[in-house]
Each structure stands twice: as structure tokens, then as C-alpha cells.
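Take a look at the structure set out below.
Derivation of every value follows stated rules applied to the coordinates shown; laboratory data play no part. None of the values given here were measured: they were computed from a predicted structure. Positions of Cβ are generated from backbone atoms using ideal geometry, with glycine treated the same way; all protein chains shown enter the neighbour counts.
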Amino acid sequence: MIKITLPDGSVKEFEQGSSPMDVARSISEGLARNVISASFNDTVVETVTPLMEDGNLVLYTWNDAAGKKAFWHSTSHVVAQALEELYPGIKLTIGPAIENGFYYDVDFGEHTVSEKDFPAIEKKALEIARGKHDYKMREVSKADALAYYNNQGNEYKVELIENLEDGEITFCDHDTFTDLCRGGHIPNTGIIKAIKILNVAGAYWRGDENNPQLTRVYGISFPKQKELTEYLQLLEEAKKRDHRKLGKELELFTFSQRVGQGLPLWLPKGAELRERLEQFLKKAQKKAGYEMVVTPHVGQKELYITSGHYEKYGEDSFQPIRTPKADEEFLLKPMNCPHHIEIFDSRPYSYKDLPKRYAEFGTVYRYEQSGELHGLTRVRGFTQDDAHIFCTPDQLNEEFKNVIDLSLYVLGSLGFENFTAQVSVRDPEKPEKYIGDPDNWDKAEQAIIDAATEKGLDFVVEKGEAAFYGPKLDFMVKDALGRSWQLGTIQVDYNLPERFGLTYKGSDNELHQPVMIHRAPFGSMERFVALLLEHTGGNFPLWLIPDQAIILPVSEKHEKYAEKVLKSLENHEIRALVDKRNETVGKKIREAELKKIPFMLIVGEEEEEKGTIAVRRHGGEDLGKISIEEFAGLVENEINSTLKSF
């Protein structure tokens, strides 16, 4: 007999060789019908995998993220089989599950695939799925695995197998299809009821632009057709909210091939919006005791070698800038933290001087491959709302909690109310990914967990998501479409102060090493604006939007009064403009609606006589004829209701 521990802490005994599905049936037949994946001792297993020792078992359904991952990965096998049957001679490479759905990278050879082919692929894949074929894992020797794919002439799978050790190679079979696979499947193909091929794109083999270009086939699947229909409706809404589309319509930013890919150009309205975001955070930071600093856009290569960034991210940096001086190299700044460390190290400190909180809206540069660039969310030059706190170990808990408060204030003021906190820690199986003393890592991870617990945050712990120099707390925010994004991060770092030899004089008159907190509530201005655009659909909070009101004179003879209204609004610090075009009021209203201007102020004969304005809210609500002072009060109250004081 073996002892199986379930997530609620209960322990059950089973015969050795029992499967996760046997365990599910012992709990209830209803659970067994819904279980589609499992993990045993933190390793993904099949629902039919024999359990041979005591351990912890987690059963997953479609409602679990791990269950969806197994479902989508399993569907990628079905779609790969469909592609092989429809396009003989193609070469399959890899087909993982992703956040929403899956993809399969394929060398189609002489074949081409476009949107017109999607219905045929979906039909064939569903035909295969209806066969209710079981997924069966089997171990294969390295020699047999190489022989199998060499016979197929698939150099991609051969390359993958050559990097594996004998004894760790497995194949997955279903129906007539076989694929190199580590595992993690649903019981059978019949559970898949709806499949949609979403798009195709180019992708280099193993992400290297020096390698052959493949075709990446993206898809998604569901256990019910109704769920696919709802998802496709959500996709349509997402297209309407695409920040690239809205950014162009609202005249916020643009890109230029002459300037370079991934380097956004902020237009006047976008620059104003950025400036307001910066001033909003600067005001809160000043109250929280931060000091603003400014650092250069480049730094000597040695700076980033010392910090460890060059070793970890050198391939993602731009090529070094060489000066006329022999052996002198600079890098475009990929991170702000080494520069802030040098500011701290420019003078001696006593424990009485700490904490020191340095903040900067610092622009950094990282080389992203052109195929990975995406609007403002993936760029090559971006501005971080970066800050670094240097404190004593005794101050760490309080400082970390203060940063949590600041992050929650930022998210709340911008309408991001639906979020969870994620404590990102080391992957104990991959120590080579991290730098520094394990004891310091233990202290840093515990400090974050303690602070998050004391603040009452609903948090999860994710292994392997830490930065290379320290663990972090990330805020995972759900937007209006239910999509999850990482916004805002706080990191505890014992390692960089050690690498740079930072010290302060303690109360014992001895030198001690400070602890460093990295934090960025926005993350990057570019990505934050993109997500805010999509979350709000361009209907920004009133305090932030570039144009809060537009004045629409009924005719040319009312323009003088419109200008008078504009001046009065400016005195009330309301951002407005006058539409003087020779167009009907109806057309002006329609265009103001498209520009998502919150208030339309119509002025004609009656308004001019009575010194009022006819107010229409974006969306069509008529607020009637009121005085400018009443309108100013309305705007002020609306701003105060969303923008709390910090």
C-alpha cells in the first residue's frame, strides 16, 4: 500500500500502482468524470500513470490553469496529426500550450497555409478528436528515438533528441500519431469538443533568427462549443480595444521605420498623458520620502558585468558601443539599478541616514527580435518608473509594506481592482539561474511572504519566477476582458549590495551591508499605457484623459462665447478645446464620441444669454443646461471619487 496526500491535507491509502484516476473515483464519480490532468510530487503525470510510492497528489479539472494547459497541449497533438494528414511531408517541431491555447511550429516545405485553410484543419482535427483515442506515454531509447525521426527526415526532432539523455525520452501515441513529448495529457481526445485555428505567423527554429523560419500555427480548444463561442466574442471585443488601434485613433503614439522598430514616438496627447502619470506618481513618491535622481542612458560594460546583468542578459542587450579609446566599451542602459547603486555608493552612510529611496523615470534599452515586438507591450526602448530603496535589515519589513501600499494606491486610482499577488521565488531544481548566497535568498523570500501576509494580501507562491538576483512580489491584474497581466513588481535583493560592496556604519560603529528593494508600480510607462488603453477601451479616468471636454458652438456666431467658456474652464484647470469646424453639431458629437472625450459642451443662443452650457456625457447621457461653476464642481467630484489622496 502507498499513502497519497491530497491538497486538503487528508491522507488515503491505495494499492501500489493505482492511478490518479483511481484516486479521483475513490472520492466521487463526478470528480472522476471531470479530472483531466494531475501532478504527483510536483511533477505533471497522466491520469493513468501508476503511482508507486507515497506522495502528494493534485487532481486538475478544466477549471484549473494546469488542467487547461494539459487540455491545450493535448489538442496541439490532434492538430499536428491533422496537419500531417492534410499536408504530407511536413516536419513537426514543438507544440506547447500557452496562456490561451497552444501553437505548433511546423516546417511546411513546399506547402503554404493561410486563413482560408483554417476551416479544413479544424474539421480534420475535430474528426480525429471524435475518435476518443487514448493518449499513451511510452519510454523510448535514445537510439530508437533518433532512428524514428531520422527515418522521417525530421532534423528538428533529431536535434531535440540529441540534447536529451538516454532514459529521459518519451513518446506519446494516440490513434495513428506519435510525437516526442514529456507528457501532461488529458485522458482521451473525445474530451475536446471545439477547436479553432486562430492565426499563423513566422517563427525561427528555437527563436534564433540564424535558423530556418517555420510557420507557427496558433489555436485554442474547449470542452464545450459554447465556451469557444464566448471566447471568440471576447476576441472581437479585444480587437476593438487593441492599444495599437486606439493609440492611433486617439493620437497618442506612433512608430517610424526610419527611427527604428520597437522605438515608440509619443505624440503631443500621448506625451501629456505620460506626463500626468509621472506627476501622479511623483506626488505620491514625494509624500513617501523618495528623492528623484537622473542617470545617463549608457554605462560602461564593466558596470553591468559587476551587477551580473551582462552575464544573464548580454544576448538581449544591444551591441557594445566602442569609443576611440582602446578597450573602452559602453552599453545602452538595460537596467537602472546599477546606476542607482553607484549614486548610493558616492558617499558614506550611517544607519541614521537610512533608508535612502531613489526614484527615476529611467529609459532603458533591450534588443528584442523583430518578430517578438508588439505595439507598446514589447519594445526596444522603454521608460521604467524605477526606484531603489537602500535600508537596514531591521527596516526591510516596514519599507516593503510601504511599497505595497504605494502599489495598491496606483492600481486603485487607475481602476485595476481585480488582482492577485504572486510571490515569485527560486526554482530549487535550477540553482544555476540565480546569483548569491542561498541563506540570503531564504531571508529575502521569507521577508516578502511576511510582508504580504501582514498586509492581508491574497497571494500565491510561484517557483522559478524570481529575478536572477532576488525574489519578488508581482501584482497579477485582471483587465476588463478577464485577461491577466503582471503590473507592478517589488523585489528584495541582498545580492547586488554584496556584489558592489555597499556598506553603512551601524550603531556598533562597524560597517554593515544594506538590503536593497527594487520597485516599479507601473513597470514600464509603455506597457502600462498599452494595458490601460485596452482595459478602459480608451475611456481613461477623468483625471488622466488628455481632453476632458470639448465645446461645440452651434454656429459661427457662438464661437466667441465658446472661447469665453474655454477660458473659464482653464481657470478651473479643466482641459478642454473648441471645435470651430463648419460642421453640424450632430457630426461634431459623433466625432467627439469616437475620440472618447468625456464631456461635450454645446453652446448656442440660449446658453450664451443665460451664461450656461448644455452638457452631454460620452455615451449619450444628457446632463441638461448648467453653469460653468456647476460643471467644474461635477468634474472635481468625479475626479476625487477615483483619485484618492495617498
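Numbers at a glance
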quantity	calculated
Leading residue at positive end of dipole, the chain (Cβ point charges), from Ile545, Ser37, Gly190	Ile545
Of every Cα-Cα pair in segment 2-61, the percent that sits beyond 19 Å	15 percent
Positive dipole terminus of the chain, leading residue within Tyr149, Val585, Gln225 (C-beta point charges)	Val585
Rel. contact order, % - alpha carbon contacts under 8 angstrom, at least six apart, the chain	9 percent
Contour excess over end-to-end distance, with Cα ends at Gln225 and His111 and 0.36 nm allotted per residue	38.0 nm
Under 5 Å, built H, 5+ apart or other chain: amide partners of Gly299	Leu331, Lys333
Charge context of Asn41, other residues only, Cβ under 13 angstrom, K/R +1, D/E -1	-3
Around Gly436: net Lys/Arg minus Asp/Glu count, Cβ-Cβ under 15 Å	-2
Cα→Cβ-extended label distance, 7 Å offset, between Val298 and Ser350, nm	4.1 nm
Alpha-carbon centroids, segment 198-241 and segment 248-274: separation in whole Å	27 Å
Backbone HN-Hα couplings from phi across segment 208-221 [Karplus 6.51/-1.76/1.60, Hz, Gly and Pro as x]	9, 5, 7, 8, x, 8, 10, 9, 9, 9, 9, x, 8, 8
Relative contact order %, segment 551-646, counting alpha carbon pairs below 8 Å whose residues are six or more apart	26 percent
Kirkwood Rh in Å, taken over segment 468-513 so that all alpha-carbon pairs contribute	13.5 Å
Over 21 Å [Cα-Cα, segment 549-642], rounded percent	23 percent
Using alpha-carbon coordinates, inclination of helix 118-129 to the longest axis of the chain, degrees	40 degrees
Extension gain, Lys325 back to Asn210 (0.36 nm per residue minus Cα-Cα distance, nm)	38.2 nm
Nitroxide proxy distance, nm - points 7 Å out along Cα→Cβ at Asn100 and Glu417	2.3 nm
For segment 355-388 and segment 83-147, distance of Cα centres in Å	37 Å
Among beta bridges that DSSP assigns inside segment 486-596, antiparallel share in %, nearest 5	70 percent
Using θ = phi - 60° and Karplus 6.51 cos²θ - 1.76 cosθ + 1.60, couplings along segment 103-116 (whole Hz; Gly, Pro as x)	9, 9, 8, 9, 8, 7, x, 7, 7, 10, 10, 9, 4, 5
Segment 66-240: relative contact order as a whole-number percent, Cα under 8 Å and 6+ apart	26 percent
Dipole in debye (nearest 20) - segment 549-642, about Cα centre, beta carbon charges: Lys, Arg +1; Asp, Glu -1	380 debye
Rounded Å value of the spacing that divides the Cα centres of segment 578-611 and segment 475-494	40 Å
For peptides 607-614, 440-447, sequence by mean Cβ density within 10 Å, most packed first	440-447, 607-614
Antiparallel DSSP beta bridges within the chain, as percent of all bridges there, nearest 5	85 percent
FRET efficiency, 1/(1 + (r/R0)^6) with R0 22 Å, evaluated for Leu481 and Asp64 via beta carbons	0.60
FRET efficiency for Asn150 and Glu53, using Cβ-Cβ distance with R0 set to 51 Å, rounded to 0.05	0.90
Listed residue pairs exceeding 21 Å between alpha carbons, taken from Lys333/Lys478; Lys557/Lys580; Lys123/Lys224; Lys3/Lys463; Lys68/Lys196; Lys193/Lys239	Lys333/Lys478; Lys3/Lys463; Lys193/Lys239
Ratio of the Cα radius of gyration of the chain to 2.2 N^0.38 Å, where N counts its residues	1.13
Principal-axis tilt of helix 628-642 within the chain, Cα atoms, nearest 10 degrees	30 degrees
Karplus (6.51, -1.76, 1.60) ³J(HN,Hα), θ = phi - 60°, over segment 495-512, in Hz, Gly and Pro reported as x	7, 5, x, 6, 5, 9, x, 6, 9, 9, 8, x, 5, 8, 6, 9, 7, 10
